[in-house]
Each structure stands twice: as structure tokens, then as C-alpha cells.
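Visitor: Have a look at this one.
Every number in this text was worked out from the coordinates using simple rules, so none of it is lab data. Here the structure is a predicted model, which means the values were calculated and not measured. Using ideal geometry, Cβ is built from the backbone for each residue, glycine included, and neighbour counts are taken over all protein chains shown.
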Amino acid sequence: MANTDPQAFAKRYHQITWIHDNHQFSASVRKYLSENAGVCDAERIKGAQTAKGWLLEDLKDEEKAIREGKRYRVGKSSFISEETIEDSFAGRATPDQLKQTLWLATCFAYIVTADEAGKPKKSTAQQFADWYLGMDCTGFVSAFFGYSGGRGIRNYDTDASQRRKAVKEIQAGDVMIRKEGTEYKHIALVIGALPSSGGGLLLKTAESVGWKGQGVAWDVKRNLKLESPGVFVLASSGESEFYIYPGR
């Protein structure tokens, strides 16, 4: 089923629950994570790859899992794919994929209850999510639209004639792209836009925010103004250009 509400989709990352051994766990995958060392803290990338390695190593143990093609059977009837594991530790997973990965980490006792946490490789559900998981901006948008394996920002900016050219054209589910010079910097999903004084607009977006490592948010606001047809800039400065495309 296709996602249609960016705000509701973002909130799902903060409300992930699963059950293991008759105990309910929950976590908020709220941090920023990218494989790009130019925009993500190197220690976060290293931590994610380390935790991924723990799970992949355990999946080789035939007493814990059986490989069936590109997926693993864990227990009698639970399955997880290689793609799900890769996406979860690369900042591009859907909430459902992250739920499966968190469940697997619980099965293999990397996630434990609070009274058991603190030992090597053992953490609470929220600690595991904060230390090893997260989303980047392109991964978040790709997950919303169902693009497997992620999609680069420039792939959303292929036909300038399709850009929104006026505030009244902007709709929920549109894509917002930020570009500085020739470099694509950020991408987000539009929740809504309202006209503001001086012919500008207040744009509200859902996104995974990279600056200061904030992560998944659904209440980011920007004051923009139309500089030329299809090109918006910040109302306070014109350092970046913003393009808004219909969602697809």
C-alpha cells in the first residue's frame, strides 16, 4: 500500500513496536544516519556497520537461522531479507524494515530488557536504535515512495518544467529539493504550504534532518519566496535554491 501522508509516515519511525518472548519492546528510530562520511559522523557510520556485522554473523549459525535465497528464516516461520538488514544500517529503511531488524536484534539478545542492559553488546531497545540505526534525507524520501535501495537527490530533479511554479500549486506529498550552486544538499517531503506576507510562503515538511544529527522530524518549517518560475529561495537569504516537484 502506497504512503500518502508524509507527516504520518515520519511519525511511524518514532512508534516502532515488536514482541519477543512474550515481552513488548518499543523504540523511536529518531537519529540521522547516512553512509556518506561527508554529512554523517564517522563514529555513527562505524557503529551501524559494527551492529550489522553482529547480526549477519549470527545469521550464519544454522542453529539460529536458515538461509533461503536472499532471505533468512529465523525460528519456524519468521523471515528477514538481506535487503532489510542492509537498508536498516544504511539510513534508508522503511518503518516496517526497521521493525524486523529490531526484532532480529532482540532474538539474538543484542536488545534486552532494561535490567539486563549494560553488558557488552547488550542494550535496551532505545539505546540500540540511537546508537546503530537512523535515517538520511534521501533514504527517508525513497522509503516513502517505495524506491528500493535508495535514490539520489538529483534523480528527483530531472525536468525543470515540472517544478511547482506558484504557492497555490504545492501539495502534500510533493518533494522539496535544496541545491547550492551545482551541489544537491537536501531533500524532504512537503506536508503543506501557506502564503505569507510579501508574496512568500511558509513551507512545512517531513524529513530526516542532517544538521546537528537531528534525524526524522515532521514539523520542519521554512520561509521561502519565489525568485523565478520554479525556483524558491529562503526569504532571509538567497544562498540556496529550492525546487518543489509533484510527488511520484
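Visitor: For the range 158-245, which semi-axes, largest first and in whole Å, follow from the square roots of 5 times the eigenvalues of its Cα gyration tensor?
Guide: Over the Cα atoms of the range 158-245, the semi-axes work out to 18, 15, 13 Å.
Visitor: Same structure again: Report the GluC sites (Glu not before Pro) located in the range 1-105 that are in a DSSP loop and have at most 15 other Cβ atoms inside 10 Å of their Cβ, or state none. Please report the intermediate quantities before stating the final value.
Guide: Numbers: sites: 35, 43, 57, 62, 63, 68, 82, 83, 86; in loops: 35, 62, 63.
Within the range 1-105, the qualifying GluC sites (Glu not before Pro) (loop, at most 15 other Cβ atoms within 10 Å) are 62, 63.
Visitor: Right, something else. May I ask you to list the GluC sites (Glu not before Pro) in the range 154-228 that are in a DSSP loop and have at most 16 other Cβ atoms within 10 Å of their Cβ? Each step should come with its number before you reach the end.
Guide: Numbers: sites: 169, 180, 183, 207, 227; in loops: none.
Here no loop site has a sparse enough neighbourhood.
Visitor: May I pose another question? Taking the Cα centre as origin and putting +1 on Lys and Arg beta-carbons and -1 on Asp and Glu beta-carbons, what dipole magnitude results for the range 1-153, to the nearest 20 debye?
Guide: Numbers: 20 positive and 20 negative charges, 30 e Å.
Using only the charged Cβ atoms, the result is roughly 140 debye.
Visitor: Spin-label point model (7 Å from Cα, Cβ direction): what's the residue 37 to residue 8 distance in nm?
Guide: A separation of 4.1 nm, rounded to one decimal place.
Visitor: Hey, if you put +1 on the Cβ of every Lys and Arg and -1 on every Asp and Glu Cβ in the chain, which of 93, 112, 69 ends up farthest toward the positive end of that dipole?
Guide: 93
Visitor: On to the next question. So if I take the centroid of the Cα atoms in the range 134-151 and the same for the range 179-248, what is the distance between those two points in Å?
Guide: Centre-to-centre distance over Cα atoms comes out at 18 Å.
Visitor: Name the shape class, rounded, prolate or oblate, that the alpha-carbon gyration tensor gives for the range 1-110, where a ≥ b ≥ c are the square roots of its eigenvalues, rounded holds for a/c under 1.5, and otherwise prolate holds if a/b is larger than b/c and oblate otherwise. Show your work: numbers first, answer last.
Guide: Working: a/c = 1.72, a/b = 1.24, b/c = 1.39.
Here the range 1-110 falls in the oblate category.
Visitor: Okay, moving on. In the chain, with Lys and Arg counted as +1 and Asp and Glu as -1 at Cβ, which of these residues, 153, 189, 15, has the Cα nearest the positive end of the dipole, that is, farthest along it?
Guide: 189
Visitor: Moving on to the next point. Give me the one-decimal Kirkwood hydrodynamic radius in Å for the chain, with the sum taken over alpha-carbon pairs. Each step should come with its number before you reach the end.
Guide: Values: mean 1/r = 0.0523 Å⁻¹.
Computed over the chain, the radius equals 19.1 Å.
Visitor: Give a quick list of trypsin sites (Lys or Arg not before Pro) in the range 64-104 that DSSP marks as loop, anything other than H, G, I, E or B, with at most 11 other Cβ atoms within 10 Å. Write out the running numbers ahead of the final one.
Guide: Values: sites: 64, 67, 70, 71, 73, 76, 92, 99; in loops: 64, 70, 76, 92.
Passing sites in the range 64-104 are 70, 76.
Visitor: Still on this structure: Please compute the length gained on full extension between residue 17 and residue 196, using 0.36 nm multiplied by the number of residues separating them and subtracting their Cα-Cα distance. Spell out each step's value before the answer.
Guide: Numbers: separation 179, 0.36 × 179 = 64.44 nm, distance 3.94 nm.
Difference between extended and current length: 60.5 nm.
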